[in-house]
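The values are calculated or read from the model by the stated rules, or taken from the named source; none is laboratory data. Note that the coordinates shown come from a computational prediction; the quantities given were computed from them, not determined experimentally. Here the Cβ is made from the backbone with ideal geometry for all residues, glycine too, and neighbour counts use every protein chain on show. To get the accessible areas, we keep the full protein, side chains included, count just its heavy atoms, and leave off ligands, DNA and RNA. Shrake-Rupley method; radii C 1.70, N 1.55, O 1.52, S 1.80 Å.
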Amino acid sequence: MNAPTTIGTTEKVADAIRSGIRTGQFVPGQHLVEAELTLRLGISRSSLREALRHLSGDGIVAIHRYRGAHINRLSRREVRDLLEVLEQLVRLAARLGAASGHANRGLMDAALEAARRHGEDGDHRSYIAARQAFYDCLFEVAGNQELPRVTPLRRADLFRAQIRPYQTRAQQDSHTDGYRLIAQTVNAGNVEEAEAAVAALFAQTRAMVDTLPDEAFDVG
């Protein structure tokens, strides 16, 4: 009988934390103050703790016995592992999308919007929203309903928020250029070029990760 309440509370906390990460209110490594969250969300401390335990399974929140909960901060190894998994799923989506023969104007629009949002105002929240729209369109074209469920975009949002202060503008611009190339090749129905575009984007991201200083990552 209590399951709906638990699920609702978990989603309420999850939405607040994800939104906070996207707006910069929460940053990787930040301690989550229970009193502030319970007051802000209108929930009990026990409900909050239960929700945070659920969120720790998604890798967004880390919980330590004596230090409480904080927004997870990824190590360089965790980032590399994340990129390895994410690349394979995005390559699958691009391959299926290109093979479907159904061009999606929304895919290109989202890629252009991500670049515009990044280029005009540097608003990380609006950029992340446009990025999510890009992947939503890519998954729609791919036609596989499981891809949105299994692709770790929430962890990817965390990764992006974590490294953003350390990236150069050129690196950020190059990343949004990668979205445009993926959209072009998928809409053109070219399977090999679509997969190559995804591979190029992730190769560039891994190379960038290798150049970032140690302080950009959790060291355990």
Just tell me the longest site-free run in the chain, where the sites are trypsin sites (Lys or Arg not before Pro) in a DSSP loop having at most 16 other beta-carbon atoms within 10 Å. 68-220
Considering only protein heavy atoms, what per residue accessible area in square angstrom results for segment 9-71 with a 1.4 angstrom probe? 54 Å²
Give the angle, between 0 and 90 degrees and rounded to the nearest 10, that separates the Cα long axis of helix 45-56 from the longest principal axis of the Cα atoms of the chain. 30 degrees
Given H placed on each backbone N at 1.01 Å, which residues far from residue 218 in sequence or on other chains put an amide H within less than 5 Å of it? 74, 75, 76
Mean separation of Cα contacts under 8 Å, 6 or more apart, over the residue count of the chain: relative contact order %: 26 percent
Segment 1-84, relative contact order in percent, only Cα pairs under 8 angstrom and at least six apart counted: 32 percent
To the nearest 20 debye, what is the magnitude of the charge dipole of the chain about its Cα centre, counting +1 on the Cβ of each Lys and Arg and -1 on the Cβ of each Asp and Glu? 620 debye
Alpha carbon centre of segment 39-53 versus segment 142-185: separation in Å? 30 Å
Debye intensity ratio in log₁₀ form over the Cα atoms of segment 123-220, taken at each q of 0.15 Å⁻¹: -0.68
Can you give the helix-only mean residue ellipticity at 222 nm for the chain, where every DSSP H stretch with n ≥ 4 adds -39500 (n - 2.57) and the sum goes over all residues, rounded to the nearest 500 deg cm²/dmol? -23500 deg cm²/dmol
Tell me, what is the Rg over Rh of the chain, with Rh the Kirkwood radius over Cα pairs? 0.99
